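The values are calculated or read from the model by the stated rules, or taken from the named source; none is laboratory data. On a predicted model such as this, the values are computed, not experimentally measured, just so you know. Note that each Cβ is placed from the backbone with ideal geometry, even for glycine, and that neighbours are counted across all protein chains shown.
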Amino acid sequence: MNALFSTFGFLLRGGPLMYIMFALLLVALTVIIERFYFLHGVIRTGSVFSEEIKKILKSDGGLEKAKSYCSENPGIFSSLLLVGFNNICLTKDERDEVMTEEAMKHTREMERYMWVIDTLITMAPLLGLLGTIIGIMVSFNIISKTGVSDPTAITGGVALALLNTASGLVIAIISLGFFNYFQNKILSIKKQMEYVTLQFENFITRNDLTDKNNFNTNGKNRINLENRKTASAVAGELSRA
């Protein structure tokens, strides 16, 4: 414990910007831990959900059972399929547009706080460089007043100033590693969403589910698509993301 406090005190000697560095590190770790558990939870849920839905859709009365299962197990994948179930009376293209819009809403949820990590990747090294420059300026100010009679004090001050740059680089490296890691996990979740959607569409195709035989189309489930002119572009962005 004494060693920890000693190290902490040594780092704080790097200057006032080191306090900001510790704050940035705390923010980075908080976001990393939150996103880690959230994204891994979604991936685990998606693996179980896709297998369970596959079994349910193959059983008798699979449509209604699948709807009930989605209602009882809320989540990203459940809400995506519920949109499909509630708009099964639409044409495939129209239904794809509505489901893509729902997928985009959850994509924003998955990418929440990612901008914080992205910002820290750039901000931390710049703040570290600023702290180092300030420290070196202070050292040169000492030289101008006292000369070089005590070079140890001068070099020691420069060494402490360099702690800012080192701290900024450490924060940026940690943030960059986890940023790319989370981006890969988000891509995996998107693939899971595409797989679940494909299961749903294949089920409709195999069973020829139309508004004439298996679903009540009283007009309540139809969505006005006139205000969704950009839905096709959004679908393309999701597939390319």
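Numbers for the structure displayed
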read-out: Looking only at segment 81-139, and only at residues there that are modelled with pLDDT of 90 or more and among the aromatic types (Phe, Trp, Tyr), the one that is nearest to Thr197 (Cα to Cα); value: Tyr113
read-out: Matching residues, segment 88-103, being buried (at least 16 other Cβ atoms within 10 Å of the Cβ), of a type outside the set (Lys, Arg) and assigned to a helix (DSSP H, G or I); value: Glu94, Asp96, Glu97, Val98, Met99, Thr100, Glu101, Glu102, Ala103
read-out: Total residues in segment 65-88, condition within 20 Å of Val98 (Cα to Cα) and either more than 26 Å from the chain's Cα centre (by Cα) or of a type in the set (A, V, I, L, M) (or both); value: 11
read-out: Residues (closer than 20 Å to Lys190 by Cα and hydrophobic (A, V, I, L, M, F, W, C)) located in segment 33-50; value: Phe36, Phe38, Leu39, Val42, Ile43, Val48, Phe49
read-out: Subset of segment 203-220 (residues that are out of contact with any helix residue (DSSP H, G or I) (no Cβ under 9 Å at 6 or more places or on another chain) and either at pLDDT 75 or above or among the small types (Gly, Ala, Ser) (or both)); value: Gly219
